[in-house]
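Here's the structure we're looking at; comments come further down.
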Amino acid sequence: MHRRDRKRIDYYCESVVPKIDITTLFPKLLENKVYNRDDVNISTWTSIHFSSQVTIRFKKIHFCDGKAKRGKPLDVAPAAHRSIRAGLICPTSLSYQLQLNEQYGGSSNERQEESMDNIVWANKPLKIEVSKATRFLDSESCTILQRYPMRSKPRGLVLVISNIYFDSTEKPRLAAEHDEANLKELFKQMGFEVVTHQNLTGQQIKEAVRTFSKRKDLEKVDSCFVFITSHGTEDKMNNSEIQGTDYQKDAPANYEKVLCSDIYDYFTVEACPQLAEKPKIFVFQICRGEKVQKSVAQSRVSIDSLANKADEYVRGLTTRNYSDMLIVQATLPGHVAYRDEITGSWFIQILCKVFMTYACTEHIQDLFSMIDAHLKYLRMSDNKCQTSTVESRGFNKHCYLHPGLYEEDLID
(Lines give C-alpha, C1' and ligand atoms only; values in the text may rest on other atoms or scores of the structure.)
Protein backbone atom coordinates (compact mmCIF):
# COMPACT_ATOMS: atom_id res chain seq x y z
CA MET A 1 0.00 0.00 0.00
CA HIS A 2 1.33 3.45 -0.87
CA ARG A 3 2.07 5.83 2.00
CA ARG A 4 -0.37 8.46 0.82
CA ASP A 5 -3.20 5.90 0.53
CA ARG A 6 -2.59 4.83 4.12
CA LYS A 7 -2.59 8.46 5.29
CA ARG A 8 -5.86 8.99 3.41
CA ILE A 9 -7.45 6.04 5.21
CA ASP A 10 -6.15 7.25 8.57
CA TYR A 11 -7.82 10.59 7.98
CA TYR A 12 -11.17 9.11 6.87
CA CYS A 13 -11.24 6.21 9.34
CA GLU A 14 -13.84 7.54 11.78
CA SER A 15 -16.35 8.51 9.09
CA VAL A 16 -15.82 5.60 6.69
CA VAL A 17 -15.69 2.49 8.85
CA PRO A 18 -19.17 2.84 10.43
CA LYS A 19 -20.64 2.89 6.91
CA ILE A 20 -19.18 -0.50 5.98
CA ASP A 21 -21.66 -3.37 5.98
CA ILE A 22 -19.28 -6.25 6.48
CA THR A 23 -21.96 -8.90 5.92
CA THR A 24 -22.50 -7.80 2.32
CA LEU A 25 -18.88 -6.87 1.71
CA PHE A 26 -17.37 -10.08 3.08
CA PRO A 27 -18.31 -12.36 0.13
CA LYS A 28 -16.55 -9.95 -2.22
CA LEU A 29 -13.47 -9.90 -0.01
CA LEU A 30 -13.34 -13.68 -0.13
CA GLU A 31 -13.95 -13.76 -3.87
CA ASN A 32 -11.07 -11.36 -4.49
CA LYS A 33 -8.85 -13.19 -1.98
CA VAL A 34 -8.45 -10.19 0.28
CA TYR A 35 -9.21 -12.54 3.17
CA ASN A 36 -8.65 -16.25 3.53
CA ARG A 37 -11.68 -18.32 4.50
CA ASP A 38 -9.93 -19.47 7.67
CA ASP A 39 -9.03 -15.94 8.83
CA VAL A 40 -8.93 -15.90 12.64
CA ASN A 41 -10.53 -12.42 12.79
CA ILE A 42 -13.78 -13.43 11.13
CA SER A 43 -15.37 -14.31 14.45
CA THR A 44 -14.94 -10.72 15.67
CA TRP A 45 -17.05 -9.24 12.87
CA THR A 46 -20.33 -8.96 14.72
CA SER A 47 -22.38 -5.89 15.52
CA ILE A 48 -21.37 -6.26 19.15
CA HIS A 49 -17.66 -5.95 18.44
CA PHE A 50 -17.85 -3.59 15.49
CA SER A 51 -17.03 -0.49 17.55
CA SER A 52 -13.84 -1.99 18.90
CA GLN A 53 -10.91 0.21 17.92
CA VAL A 54 -8.76 -2.85 17.21
CA THR A 55 -11.44 -4.26 14.90
CA ILE A 56 -11.90 -0.90 13.17
CA ARG A 57 -8.19 -0.56 12.55
CA PHE A 58 -7.98 -4.13 11.23
CA LYS A 59 -10.97 -3.67 8.92
CA LYS A 60 -9.97 -0.35 7.48
CA ILE A 61 -6.49 -1.51 6.45
CA HIS A 62 -7.79 -4.64 4.74
CA PHE A 63 -10.59 -2.73 3.04
CA CYS A 64 -8.08 -0.53 1.25
CA ASP A 65 -5.73 -3.38 0.41
CA GLY A 66 -8.61 -5.00 -1.39
CA LYS A 67 -8.36 -2.47 -4.21
CA ALA A 68 -4.60 -2.58 -4.51
CA LYS A 69 -4.51 -4.49 -7.78
CA ARG A 70 -4.16 -1.82 -10.47
CA GLY A 71 -6.74 -1.84 -13.25
CA LYS A 72 -9.10 -4.27 -11.44
CA PRO A 73 -10.77 -2.32 -8.61
CA LEU A 74 -12.85 -4.34 -6.20
CA ASP A 75 -16.54 -4.19 -7.14
CA VAL A 76 -17.93 -3.42 -3.70
CA ALA A 77 -21.72 -3.59 -3.79
CA PRO A 78 -23.94 -2.06 -2.52
CA ALA A 79 -23.79 1.52 -3.79
CA ALA A 80 -22.80 2.84 -0.36
CA HIS A 81 -19.57 0.90 -0.55
CA ARG A 82 -18.86 2.20 -4.05
CA SER A 83 -19.19 5.76 -2.81
CA ILE A 84 -16.78 5.00 0.05
CA ARG A 85 -14.27 3.60 -2.43
CA ALA A 86 -14.66 6.64 -4.70
CA GLY A 87 -14.03 8.98 -1.78
CA LEU A 88 -10.87 7.16 -0.81
CA ILE A 89 -9.49 7.12 -4.35
CA CYS A 90 -10.33 10.70 -5.36
CA PRO A 91 -10.83 12.93 -2.28
CA THR A 92 -11.93 16.41 -3.26
CA SER A 93 -12.03 18.02 0.17
CA LEU A 94 -9.62 20.93 0.38
CA SER A 95 -9.69 20.63 4.16
CA TYR A 96 -8.54 17.03 3.81
CA GLN A 97 -5.57 18.06 1.65
CA LEU A 98 -4.59 20.90 4.00
CA GLN A 99 -4.94 18.79 7.14
CA LEU A 100 -3.00 15.95 5.54
CA ASN A 101 -0.10 18.28 4.70
CA GLU A 102 -0.24 19.91 8.13
CA GLN A 103 -0.52 16.65 10.05
CA TYR A 104 2.08 14.60 8.18
CA GLY A 105 4.32 17.24 6.62
CA GLY A 106 6.94 14.98 5.18
CA SER A 107 10.56 15.25 4.13
CA SER A 108 11.59 16.32 0.65
CA ASN A 109 12.14 12.63 -0.15
CA GLU A 110 8.56 11.81 0.87
CA ARG A 111 7.19 14.69 -1.19
CA GLN A 112 9.26 13.54 -4.16
CA GLU A 113 7.94 10.00 -3.75
CA GLU A 114 4.34 11.16 -3.57
CA SER A 115 4.79 13.41 -6.59
CA MET A 116 5.81 10.47 -8.77
CA ASP A 117 3.14 8.25 -7.22
CA ASN A 118 0.59 10.83 -8.38
CA ILE A 119 1.89 10.50 -11.94
CA VAL A 120 2.34 6.74 -12.21
CA TRP A 121 -0.77 5.71 -10.27
CA ALA A 122 -3.05 8.39 -11.72
CA ASN A 123 -6.36 7.57 -13.38
CA LYS A 124 -5.38 9.16 -16.67
CA PRO A 125 -2.16 9.63 -18.70
CA LEU A 126 0.27 12.45 -18.06
CA LYS A 127 -0.44 15.76 -19.79
CA ILE A 128 2.66 17.17 -21.48
CA GLU A 129 3.43 20.85 -20.85
CA VAL A 130 7.07 21.72 -21.52
CA SER A 131 8.79 24.55 -19.66
CA LYS A 132 10.68 26.50 -22.32
CA ALA A 133 14.29 27.63 -22.00
CA THR A 134 14.97 31.36 -21.75
CA ARG A 135 18.70 31.41 -22.52
CA PHE A 136 21.32 29.26 -24.22
CA LEU A 137 23.65 27.37 -21.92
CA ASP A 138 26.01 25.86 -24.51
CA SER A 139 28.34 28.83 -24.81
CA GLU A 140 29.04 29.67 -21.18
CA SER A 141 32.59 29.20 -19.97
CA CYS A 142 33.23 25.93 -18.22
CA THR A 143 36.64 24.78 -17.03
CA ILE A 144 35.82 21.09 -16.62
CA LEU A 145 33.55 19.86 -19.42
CA GLN A 146 32.70 21.38 -22.76
CA ARG A 147 29.11 21.56 -24.04
CA TYR A 148 27.49 20.22 -27.17
CA PRO A 149 26.15 22.95 -29.47
CA MET A 150 22.34 22.67 -29.37
CA ARG A 151 20.76 25.46 -31.41
CA SER A 152 19.54 23.94 -34.68
CA LYS A 153 15.94 24.20 -35.83
CA PRO A 154 14.64 21.58 -35.46
CA ARG A 155 16.83 20.84 -32.46
CA GLY A 156 17.16 17.20 -33.50
CA LEU A 157 15.42 14.19 -34.96
CA VAL A 158 13.63 11.64 -32.78
CA LEU A 159 12.68 8.08 -33.70
CA VAL A 160 10.04 6.34 -31.57
CA ILE A 161 9.23 2.66 -32.16
CA SER A 162 6.43 1.29 -30.02
CA ASN A 163 5.28 -2.33 -30.09
CA ILE A 164 1.95 -2.98 -28.41
CA TYR A 165 0.39 -6.04 -30.06
CA PHE A 166 2.23 -9.27 -30.86
CA ASP A 167 1.54 -12.20 -33.16
CA SER A 168 2.42 -14.86 -30.58
CA THR A 169 1.06 -15.53 -27.11
CA GLU A 170 2.84 -12.46 -25.71
CA LYS A 171 0.34 -10.25 -23.90
CA PRO A 172 -0.40 -6.83 -25.43
CA ARG A 173 1.43 -3.94 -23.76
CA LEU A 174 -1.63 -2.14 -22.42
CA ALA A 175 -1.29 1.67 -22.13
CA ALA A 176 1.96 1.63 -24.15
CA GLU A 177 0.21 3.92 -26.64
CA HIS A 178 0.38 6.64 -23.97
CA ASP A 179 4.17 6.31 -23.83
CA GLU A 180 4.36 6.89 -27.58
CA ALA A 181 1.90 9.81 -27.51
CA ASN A 182 3.67 11.47 -24.56
CA LEU A 183 7.11 11.13 -26.12
CA LYS A 184 5.85 12.54 -29.41
CA GLU A 185 4.21 15.52 -27.73
CA LEU A 186 7.17 16.09 -25.38
CA PHE A 187 9.76 16.33 -28.13
CA LYS A 188 7.45 18.25 -30.45
CA GLN A 189 7.03 20.93 -27.78
CA MET A 190 10.79 20.95 -27.17
CA GLY A 191 11.43 21.72 -30.85
CA PHE A 192 12.35 18.32 -32.29
CA GLU A 193 11.05 16.53 -35.37
CA VAL A 194 9.53 13.18 -34.37
CA VAL A 195 9.14 10.02 -36.47
CA THR A 196 6.98 7.21 -35.04
CA HIS A 197 6.42 3.57 -35.93
CA GLN A 198 4.14 1.07 -34.24
CA ASN A 199 3.95 -2.73 -34.10
CA LEU A 200 7.02 -3.70 -36.13
CA THR A 201 8.50 -7.15 -36.66
CA GLY A 202 12.15 -7.78 -35.85
CA GLN A 203 13.17 -7.19 -39.46
CA GLN A 204 11.02 -4.05 -39.69
CA ILE A 205 12.62 -2.61 -36.54
CA LYS A 206 16.07 -2.94 -38.05
CA GLU A 207 14.92 -1.50 -41.36
CA ALA A 208 13.19 1.48 -39.69
CA VAL A 209 16.30 2.30 -37.66
CA ARG A 210 18.64 1.84 -40.64
CA THR A 211 16.47 4.13 -42.82
CA PHE A 212 16.34 6.75 -40.07
CA SER A 213 20.13 6.67 -39.64
CA LYS A 214 20.60 7.38 -43.38
CA ARG A 215 18.49 10.54 -43.46
CA LYS A 216 20.42 13.39 -45.05
CA ASP A 217 18.76 15.99 -42.83
CA LEU A 218 20.64 14.56 -39.85
CA GLU A 219 23.49 16.78 -41.10
CA LYS A 220 21.40 19.87 -40.34
CA VAL A 221 20.40 19.06 -36.76
CA ASP A 222 22.40 19.03 -33.55
CA SER A 223 21.19 15.80 -31.96
CA CYS A 224 19.34 12.52 -32.30
CA PHE A 225 17.14 10.44 -29.97
CA VAL A 226 15.98 6.85 -30.52
CA PHE A 227 13.28 5.35 -28.29
CA ILE A 228 12.22 1.71 -28.50
CA THR A 229 9.42 0.42 -26.28
CA SER A 230 8.48 -3.24 -26.56
CA HIS A 231 8.63 -6.58 -24.85
CA GLY A 232 12.21 -7.70 -24.36
CA THR A 233 14.30 -10.56 -23.05
CA GLU A 234 17.85 -11.72 -22.46
CA ASP A 235 19.49 -14.08 -24.95
CA LYS A 236 21.82 -16.98 -24.12
CA MET A 237 24.83 -14.64 -24.27
CA ASN A 238 23.20 -12.24 -21.74
CA ASN A 239 22.55 -9.64 -24.44
CA SER A 240 19.43 -7.49 -24.15
CA GLU A 241 17.06 -8.43 -26.97
CA ILE A 242 14.14 -6.39 -28.35
CA GLN A 243 11.10 -8.47 -29.27
CA GLY A 244 9.51 -7.71 -32.60
CA THR A 245 5.80 -8.40 -33.06
CA ASP A 246 6.69 -11.73 -34.70
CA TYR A 247 8.92 -12.84 -31.82
CA GLN A 248 8.57 -16.41 -30.58
CA LYS A 249 10.45 -17.98 -27.70
CA ASP A 250 11.49 -20.89 -29.90
CA ALA A 251 12.32 -18.57 -32.77
CA PRO A 252 12.08 -20.01 -36.29
CA ALA A 253 15.06 -19.77 -38.59
CA ASN A 254 13.60 -16.83 -40.52
CA TYR A 255 13.02 -14.63 -37.44
CA GLU A 256 15.15 -11.46 -37.43
CA LYS A 257 16.72 -11.19 -33.98
CA VAL A 258 17.18 -7.62 -32.72
CA LEU A 259 19.69 -6.78 -30.00
CA CYS A 260 19.95 -3.35 -28.40
CA SER A 261 23.53 -3.21 -29.67
CA ASP A 262 22.21 -3.62 -33.23
CA ILE A 263 20.35 -0.31 -32.83
CA TYR A 264 23.24 1.93 -31.84
CA ASP A 265 25.60 0.20 -34.26
CA TYR A 266 23.66 2.03 -37.00
CA PHE A 267 24.88 5.33 -35.52
CA THR A 268 28.63 4.91 -35.32
CA VAL A 269 30.70 7.59 -37.07
CA GLU A 270 31.41 5.14 -39.88
CA ALA A 271 27.76 4.13 -40.36
CA CYS A 272 26.25 7.60 -39.77
CA PRO A 273 28.81 10.35 -40.46
CA GLN A 274 26.00 12.95 -40.45
CA LEU A 275 25.93 12.69 -36.65
CA ALA A 276 29.67 12.66 -35.99
CA GLU A 277 30.54 14.68 -32.87
CA LYS A 278 26.83 15.14 -32.12
CA PRO A 279 24.95 13.73 -29.11
CA LYS A 280 23.03 10.51 -29.80
CA ILE A 281 20.76 9.22 -27.06
CA PHE A 282 19.19 5.73 -27.13
CA VAL A 283 16.43 4.80 -24.70
CA PHE A 284 15.09 1.25 -24.36
CA GLN A 285 11.86 0.62 -22.45
CA ILE A 286 12.01 -3.17 -22.50
CA CYS A 287 12.37 -6.07 -20.09
CA ARG A 288 15.92 -7.42 -20.16
CA GLY A 289 15.17 -10.78 -18.56
CA GLU A 290 12.92 -12.27 -15.91
CA LYS A 291 14.71 -11.33 -12.69
CA VAL A 292 12.70 -9.34 -10.17
CA GLN A 293 14.34 -6.75 -7.93
CA LYS A 294 12.89 -6.23 -4.46
CA SER A 295 13.62 -3.36 -2.14
CA VAL A 296 15.85 -4.04 0.86
CA ALA A 297 15.39 -2.60 4.35
CA GLN A 298 18.13 -0.24 5.50
CA SER A 299 19.00 1.09 8.93
CA ARG A 300 19.33 4.74 7.94
CA VAL A 301 18.55 7.12 5.08
CA SER A 302 20.81 9.99 4.07
CA ILE A 303 18.81 12.76 3.82
CA ASP A 304 30.61 23.97 -21.70
CA SER A 305 31.66 26.19 -24.14
CA LEU A 306 31.43 25.76 -27.94
CA ALA A 307 34.29 23.86 -29.57
CA ASN A 308 37.35 25.96 -30.34
CA LYS A 309 39.54 25.86 -33.44
CA ALA A 310 41.97 23.41 -31.87
CA ASP A 311 39.12 20.95 -31.46
CA GLU A 312 38.17 21.38 -35.11
CA TYR A 313 41.75 20.63 -36.15
CA VAL A 314 41.80 17.38 -34.16
CA ARG A 315 38.44 16.33 -35.58
CA GLY A 316 39.78 16.86 -39.07
CA LEU A 317 42.42 14.22 -38.45
CA THR A 318 40.59 11.33 -36.78
CA THR A 319 37.57 10.55 -34.63
CA ARG A 320 36.46 7.56 -32.63
CA ASN A 321 33.86 5.30 -34.23
CA TYR A 322 31.85 4.87 -31.02
CA SER A 323 31.51 8.33 -29.52
CA ASP A 324 28.95 10.83 -28.20
CA MET A 325 26.49 8.05 -27.37
CA LEU A 326 24.31 7.77 -24.27
CA ILE A 327 22.59 4.39 -23.90
CA VAL A 328 19.72 4.35 -21.41
CA GLN A 329 17.90 1.24 -20.22
CA ALA A 330 14.73 1.36 -18.15
CA THR A 331 15.91 -1.56 -16.02
CA LEU A 332 18.96 -3.59 -14.98
CA PRO A 333 20.45 -6.35 -17.14
CA GLY A 334 18.40 -9.53 -16.79
CA HIS A 335 15.53 -7.76 -15.00
CA VAL A 336 11.93 -6.87 -15.79
CA ALA A 337 10.60 -3.33 -16.34
CA TYR A 338 7.18 -2.25 -15.03
CA ARG A 339 4.26 -0.64 -16.83
CA ASP A 340 0.97 0.63 -15.44
CA GLU A 341 -1.99 -0.65 -17.48
CA ILE A 342 -3.73 2.74 -17.36
CA THR A 343 -1.04 5.40 -17.64
CA GLY A 344 1.95 3.64 -19.23
CA SER A 345 5.44 2.53 -18.22
CA TRP A 346 7.02 3.84 -15.03
CA PHE A 347 10.24 4.93 -16.69
CA ILE A 348 8.76 6.76 -19.70
CA GLN A 349 6.22 8.61 -17.56
CA ILE A 350 8.92 9.88 -15.23
CA LEU A 351 11.19 10.73 -18.17
CA CYS A 352 8.46 12.87 -19.72
CA LYS A 353 7.72 14.62 -16.44
CA VAL A 354 11.39 15.34 -15.70
CA PHE A 355 12.21 16.49 -19.23
CA MET A 356 9.21 18.78 -19.57
CA THR A 357 9.96 20.37 -16.18
CA TYR A 358 13.76 20.55 -16.00
CA ALA A 359 15.22 20.31 -19.53
CA CYS A 360 15.02 24.12 -19.73
CA THR A 361 17.82 24.46 -17.18
CA GLU A 362 19.56 21.09 -16.66
CA HIS A 363 21.86 19.05 -18.90
CA ILE A 364 20.82 15.61 -20.07
CA GLN A 365 23.06 13.50 -17.81
CA ASP A 366 21.53 15.23 -14.79
CA LEU A 367 18.05 14.69 -16.22
CA PHE A 368 18.58 10.93 -16.35
CA SER A 369 20.00 11.00 -12.82
CA MET A 370 16.86 12.80 -11.70
CA ILE A 371 14.70 10.20 -13.44
CA ASP A 372 16.31 7.35 -11.53
CA ALA A 373 16.12 9.37 -8.31
CA HIS A 374 12.33 9.43 -8.78
CA LEU A 375 12.15 5.84 -10.03
CA LYS A 376 13.75 4.49 -6.87
CA TYR A 377 10.67 5.40 -4.81
CA LEU A 378 8.17 3.38 -6.86
CA ARG A 379 7.04 -0.02 -5.56
CA MET A 380 4.69 -2.75 -6.56
CA SER A 381 2.47 -4.06 -3.76
CA ASP A 382 5.03 -6.77 -2.87
CA ASN A 383 8.00 -4.35 -2.79
CA LYS A 384 9.12 -5.05 -6.36
CA CYS A 385 11.08 -2.11 -7.72
CA GLN A 386 13.14 -0.96 -10.70
CA THR A 387 16.56 0.59 -11.37
CA SER A 388 17.47 2.31 -14.64
CA THR A 389 20.96 2.29 -16.15
CA VAL A 390 22.85 4.89 -18.20
CA GLU A 391 25.93 3.95 -20.22
CA SER A 392 28.18 6.60 -21.73
CA ARG A 393 30.18 5.81 -24.85
CA GLY A 394 32.30 8.89 -25.32
CA PHE A 395 29.45 11.15 -24.19
CA ASN A 396 31.87 13.54 -22.50
CA LYS A 397 30.25 16.95 -22.83
CA HIS A 398 27.22 18.47 -21.19
CA CYS A 399 24.14 18.53 -23.38
CA TYR A 400 21.50 21.21 -22.80
CA LEU A 401 18.38 20.73 -24.95
CA HIS A 402 17.17 24.38 -24.76
CA PRO A 403 13.52 23.38 -25.33
CA GLY A 404 11.59 25.83 -27.50
CA LEU A 405 14.42 28.38 -27.72
CA TYR A 406 15.98 29.48 -31.01
CA GLU A 407 18.57 32.09 -31.88
CA GLU A 408 16.05 34.25 -33.74
CA ASP A 409 14.08 34.53 -30.50
CA LEU A 410 16.95 36.53 -29.02
CA ILE A 411 17.22 39.01 -31.90
CA ASP A 412 15.66 42.40 -31.16
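Tabulated results
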item: Unmet criterion (only one of (1) out of contact with any Phe, Trp or Tyr (no Cβ under 9 Å at 6 or more places or on another chain); (2) within 26 Å of ILE364 (Cβ to Cβ)) for CYS224; result: (1)
item: Condition check for LEU186: at pLDDT 95 or above and over 20 Å from THR319 (Cβ atoms); result: yes
item: Positions within segment 161-191 being within 19 Å of PRO279 (Cα to Cα) and buried (at least 23 other Cβ atoms within 10 Å of the Cβ), in sequence order; result: LEU183, LEU186, PHE187, MET190
item: Residue list for segment 333-350, filter: under 11 Å from THR387 (Cα atoms) and acidic (Asp, Glu); result: none
item: Residue in segment 377-396 that is farthest from ALA276 (Cα to Cα), counting only those that are out of contact with any helix residue (DSSP H, G or I) (no Cβ under 9 Å at 6 or more places or on another chain) and in a loop (DSSP other than H, G, I, E, B); result: ASP382
item: Matching residues in segment 152-189 - criterion: being within 21 Å of LYS280 (Cβ to Cβ), touching a strand residue (DSSP E or B) at 6+ places or on another chain (Cβ under 9 Å) and outside any helix (DSSP H, G or I); result: PRO154, ARG155, GLY156, LEU157, VAL158, LEU159, VAL160, ILE161, SER162
item: Hey, HIS197 part of a helix (DSSP H, G or I) and either surrounded by fewer than 20 Cβ atoms within 10 Å (Cβ to Cβ) or modelled with pLDDT of 85 or more (or both) or not; result: no
item: Whichever residue in segment 139-175 is at pLDDT 95 or above and of a type in the set (Gly, Ala, Ser) and, among such residues, is farthest from ARG210 (Cα to Cα); result: SER152
item: Matching residues, segment 356-412, being among the basic types (Lys, Arg) and within 16 Å of the chain's Cα centre (by Cα); result: LYS376, ARG379, LYS384
item: Residue in segment 232-242 that is touching a helix residue (DSSP H, G or I) at 6+ places or on another chain (Cβ under 8 Å), within 27 Å of LYS291 (Cβ to Cβ) and of a type in the set (Asp, Glu) present; result: yes
item: Number of positions in segment 338-351 that are buried (at least 24 other Cβ atoms within 10 Å of the Cβ), within 14 Å of ARG173 (Cα to Cα) and of a type in the set (A, V, I, L, M, F, W, C); result: 2
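The rows are residues; the columns are (1) at pLDDT 95 or above; (2) closer than 26 Å to ALA133 by Cβ; (3) basic (Lys, Arg); (4) in the same structural domain as GLY244 (by the TED database).
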{"position": "LYS280", "(1), (2), (3), (4)": "yes, yes, yes, yes"}
{"position": "VAL283", "(1), (2), (3), (4)": "yes, yes, no, yes"}
{"position": "LEU306", "(1), (2), (3), (4)": "no, yes, no, no"}
{"position": "TYR313", "(1), (2), (3), (4)": "no, no, no, no"}
{"position": "GLY334", "(1), (2), (3), (4)": "no, no, no, yes"}
{"position": "PHE347", "(1), (2), (3), (4)": "yes, yes, no, yes"}
{"position": "ILE350", "(1), (2), (3), (4)": "yes, yes, no, yes"}
{"position": "LYS353", "(1), (2), (3), (4)": "yes, yes, yes, yes"}
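The values are calculated or read from the model by the stated rules, or taken from the named source; none is laboratory data. Keep in mind the model is a prediction, meaning the values are calculated, not measured. Heads up, the Cβs are rebuilt from the backbone with ideal geometry, glycines too, and the neighbour counts pull from every protein chain shown.
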